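J.: Before I ask anything, here is the structure I am working with.
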Amino acid sequence: MAPYPRGKTKWLAPLAVGLLAVLALLALNFYPAPGGQQAKPLNASRDGVYFGPRTSIAVLPPDTAGLTAGQEFWASGVSSELNRLLTLAPGLQVTSRNSTRFFEGQEVAPRIIAERLQVTWLLSTVWESGEEGFLLSAKLFNARRNKEVWTAVYEAGYGQLFALQDEVLQAVADSIRLSSSKAPPAAIPVDPQAWSAYLQGLYAQDAQTLEGYRQAARHFKTALEFDPDYELARLSLASARLAMGAMGDPDPALPDMARDAIGSVLQANPRSAGALGLSSYISRNLDWAWVPALDAAKSAIGLAPGDAFLKTQAGLSMFTLGQFSRAIPLMETAVAQDPLNLSGRLRLGLLHEFSADYDGALSNYRKILSLNPDYPGVRALRARVKIIQGKPDAALKESEQETDPFWALYSKILVLTALEQHEEASVLLEKMQEEHGHHAAYQVAEILAFRGDFDESFDWLDRALQQRDGGMKELIGNNFLETLHRDPRWHELMRRMGLPLDLES
């Protein structure tokens, strides 16, 4: 079970080296809002205009209203590829597609979009069917100047779209005045049929459903049939298989097939940032091998410093290892590149809590609520902080506003314990154990430790370990487990988890 927060569905976020499929669960250990709801960008509060660094850019979802049925994957795929190639430019901060997708199909002034995404530049495309291909209108908007600084219309056949990417990227680099050393690299040539199948895979996985990933995997396999050396397709196939497994596909071979694909890429190209990123994901989320996960992510960041996913991977591994002072800056930069992905901001808030920066935690939670007042788990986490600060009455008010039933129950038990209303807390804890013990053993252990029931707390931590509860990745720094630290069983638990007792090492 994932620790913070938890609703009824798992949010899917892109494995951003840009070149990989959307991975179920990413590396986060919690469930956000039911139905995958995130920010509500059109209703977000405006507390000052900020357009991000001068070299920050977002690629908006393409306008495909002018395309016929069956052509949309070209526009979606090219847009995704433009985003990917831009992330490889060391001179740019590129917003994740996780956040830009909230503006798909919406008529919003560019300057407002730029403010919401916290970027200076917006790259947008409008697609129409042409006689032998497409009419593509590309525009680059500067939010600081509130004007379009570049626009071009291209007429391109299917076979010309690959080369067209480089032309658009060069125009963007010229407009932003990037030096040649900081401009995005040219796309590596690939078999046209393989590229078409690859784009279809990218389009299929955007549905973020099990069937969507299965379709994507079939397209990526087709791409490899046309070009067996197509690294992007091989890594995307590995990522799709991991996503399928995380979403409940019963095939037990999926993780091993993904491992084999990643290994073959690394054997041919040890400097593949995408393969290293996936290797880090597997080490942390499947193997619970924290140091190898961190090492792989750090190596990947060195090769693709603009990638938000890799920063998140490294930051979460540092979180698990208790390296909070190193994790927070990485997570802050990742959040800046994905400002409307509220699950990432929530994780940053939890990092601040675990590092005893309670004002920082509350600030992140306030930002989430300003974007989505009903985001599940946030009020419960605010209640946690208020309890730690010795403000149980304020914590009770937070708990009463929690909309998610599980997190409302969890936070109320903590608050009642802090208020020493132990009888009522015990009744609710028994209910939680019966109804949620099979997937929330970690939270039960937290509550028991806070109540002083140490033996039972260790029993539930052992159960959480056996269940591979995601909360076990967040043992170090948890205030509600501090009472266990002097017990020899805590040292043994840390040993079994492969975690250090000497923090920040």
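J.: Could you tell me which trypsin sites (Lys or Arg not before Pro) in region 100-173 are loop residues by DSSP with no more than 14 other beta carbons within 10 angstrom of their beta carbon?
T.: Those satisfying the criteria are ARG144, ARG145.
J.: Could you size up the charge dipole of the chain around its Cα centre, putting +1 on the beta carbon of Lys and Arg and -1 on that of Asp and Glu, and report it in debye to the nearest 20?
T.: 1120 debye
J.: As an exercise, use a Förster radius of 51 Å and the Cβ-Cβ distance of ILE112 and GLN421 to find the FRET efficiency, rounded to the nearest 0.05.
T.: Efficiency, from the Cβ-Cβ distance: 0.65.
J.: Report the semi-axes of the equivalent ellipsoid for the chain in whole Å, largest first, where each axis is √(5λ) for an eigenvalue λ of the Cα gyration tensor.
T.: Semi-axis lengths for the chain are 41, 25, 20 Å.
J.: Express in nm, to one decimal, how much length is gained between ASP287 and VAL153 on full extension, taking 0.36 nm for each residue of separation and deducting their alpha carbon distance.
T.: Length gained between ASP287 and VAL153: 43.3 nm.
J.: Find the centroid of the Cα atoms in region 164-199 and in region 353-423, then give the distance between the two in whole Å.
T.: 46 Å
J.: With a cap of 10 neighbouring Cβ atoms within 10 Å, and only residues DSSP puts in a loop, list the chymotrypsin sites (Phe, Trp or Tyr not before Pro) found in region 386-448.
T.: Sites meeting the loop and neighbour criteria: none at all.
J.: For the chain, give me the percentage of DSSP beta bridges that are antiparallel, rounded to the nearest 5 percent.
T.: 75 percent
J.: Report ³J(HN,Hα) in whole Hz for each residue of region 255-271, in order, from the Karplus equation J = 6.51 cos²θ - 1.76 cosθ + 1.60 where θ = phi - 60°; Gly and Pro get x.
T.: x, 5, 5, 5, 4, 4, 5, 5, x, 5, 5, 5, 5, 7, 9, x, 9
J.: Once the Cβ-Cβ distance between ASP462 and LEU501 is put in as r, and R0 is 22 Å, what FRET efficiency do you end up with, to the nearest 0.05?
T.: The computed FRET efficiency comes out at 0.75.
J.: Something else now. Arranged by the count of other C-beta atoms within 10 angstrom, fewest first, what order do HIS439, HIS485 take?
T.: With the fewest neighbours first, HIS439, HIS485 line up as HIS485, HIS439.
J.: Which is farthest toward the positive dipole end of region 319-497 among ALA449, SER363, HIS436, measuring Cα position about the Cα centre, with Cβ charges +1 (Lys, Arg) and -1 (Asp, Glu)?
T.: SER363
J.: Under the rule of at least 5 residues apart or a separate chain, name every residue whose amide H is placed under 5 Å from the amide H of TRP150.
T.: Those lying under 5 Å, H to H, from TRP150 are LEU140.
J.: Using 0.36 nm per residue of separation minus the Cα-Cα distance, give me the extension gain between ASP374 and ALA163 in nm, one decimal.
T.: Between ASP374 and ALA163, full extension yields an extra 71.5 nm.
J.: Return TYR365, TYR158 ranked ascending by Cβ neighbour count within 10 Å, so the fewest neighbours appear first.
T.: By the 10 Å Cβ count, ascending: TYR158, TYR365.
J.: Between LEU60, LEU161, GLN71, whose Cα lies farthest towards the positive end of the dipole of region 39-187 when Lys and Arg beta carbons carry +1 and Asp and Glu beta carbons carry -1, centred on the Cα centre?
T.: The residue sitting most towards the positive pole is LEU60.
J.: Treat every Asp and Glu Cβ in region 319-497 as -1 and every Lys and Arg Cβ as +1, leave all other atoms uncharged, and give the resulting dipole magnitude about the Cα centre to the nearest 20 debye.
T.: Roughly 700 debye for region 319-497.
J.: Take every DSSP beta bridge whose two residues both sit in region 39-187, then give the antiparallel share in percent to the nearest 5.
T.: Bridges in region 39-187 that DSSP calls antiparallel: roughly 75 percent.
J.: If you wrap region 315-454's Cα atoms in a convex hull and average its projection over all directions, what's the area in nm²?
T.: 8.4 nm²
J.: Rounding to the nearest 20 debye, state how big the charge dipole of region 212-258 is about its Cα centre with +1 on each Lys and Arg Cβ and -1 on each Asp and Glu Cβ.
T.: Roughly 180 debye for region 212-258.
J.: Using 0.36 nm times the number of residues separating ARG366 and MET494, minus their current alpha carbon distance, what extension gain do you get?
T.: Value of the extension gain: 42.8 nm.
J.: Sticking with this one: Taking the Cα-to-Cβ direction at ARG144 and at ASP487 and moving 7 Å from each Cα, how far apart do the two end points lie in nm?
T.: 5.6 nm
J.: Please arrange LYS367, LYS431, LYS298 by how many other C-beta atoms lie within 10 Å of their C-beta, fewest to most.
T.: LYS431, LYS298, LYS367
J.: Would you please give the FRET efficiency between LEU428 and ALA65, computed as 1/(1 + (r/R0)^6) with r the Cβ-Cβ distance and R0 = 41 Å, to the nearest 0.05?
T.: In this case the efficiency is close to 0.20.
J.: If exposed means no more than 15 neighbouring beta carbons inside 10 Å and the site is in a DSSP loop, what's the longest run of the chain without any exposed GluC sites (Glu not before Pro)?
T.: It runs 133-419.
Quick note: the coordinates plus some simple rules give every number you see, no bench work behind them. Remember, it's a predicted structure, so these values are computed and weren't measured experimentally. Positions of Cβ are generated from backbone atoms using ideal geometry, with glycine treated the same way; all protein chains shown enter the neighbour counts.
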